[in-house]
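Report on the following structure.
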Amino acid sequence: MLRGSHLWGAILTMVLPAALWAQPSVPWPDPSPHAIRFVTVDQGVRLEVLDWGGQGKPVVLLAGGGDTAHVFDEFAPKLTANYRVYGITRRGFGASSHARLEPGADRLGQDVLAVIRGLKLKKPVLVGHSIAGVELSSVANLDPKRIAAVIYLEAAYPYAFDLGEGPSMKDFQEAQGPPPPSPGESDLESFTALQKWMRRSMGFGCRRRSFTRNGIRLPMDARKAFVIFPAHNTLCRS
């Protein structure tokens, strides 16, 4: 069970304003290629579920605070070549029912599980953004065998994991990671060597003329490139 007053405060801050402001409005033309259905998850509570179709393992998208599943209208179709893609609008938002929330994150997690059962999805991958991290962690705790994986998109904040005893958001923001690695002499012998080092240590590489500073392209040798790159917040464009 996910507990803790600061956890509930984070959810409450997001959910209550949306429940107050998310009133019925004039219908709008939705160009995204999805079907819309409603799944009953609790007494008097139905959630809007978008179905973009597709082939393969089911993927369920969970929006961040203040958003509905329609926030994925442009992104979701890009996944349908390899996955069957769904999106859930949580209670209190958009077209979903505006119902009272119980303290804690598990009510939201149970809603997601109810949709999974209602649609008879077999071990879906859950993908959540921002505040949806609490739902991901709740589902993973409540019924881990029901899902294949959880993916946190800027959602791995303390309130998603703390179980009532985790660090505060201030502690999380002030945490210091290890310093970035530095290239060796052999990595600076040529721009090609520097590119290989970048791919090996950072996961990406740049073309010779792709180092930029304030939008200006700077052709340079490997040593000058490395000096400017970390020291002056230079961007690397592909």
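Name the residues whose placed amide hydrogens come within less than 5 Å of the amide hydrogen of Ser96, ignoring near sequence neighbours (fewer than 5 apart) on the same chain.
Counting only residues 5 or more places away or on other chains, the set is Glu48.
Quick one: which residues, 5+ away or cross-chain, put their amide H under 5 Å from the amide H of Tyr83? H built at 1.01 Å from N.
Distant-sequence amide H within range of Tyr83: Gln55.
Please list, in chain and number order, the residues 5+ apart from Leu62 or on another chain whose amide H is under 5 Å from its amide H, with Hs placed from the backbone.
Sorted by chain and number, the residues that satisfy this are Val127, Gly128, His129.
Can you run phi through the Karplus equation (6.51, -1.76, 1.60; θ = phi - 60°) for segment 60-74 and list ³J(HN,Hα) in whole Hz, with x for Gly and Pro?
Result, rounded to whole Hz: 10, 9, 10, 7, x, x, x, 10, 10, 4, 5, 4, 9, 4, 8.
Where a number appears in this text, it was derived from the coordinates with a stated rule and is not lab data. As the structure is a prediction and not an experimental result, all values here were calculated from the model.
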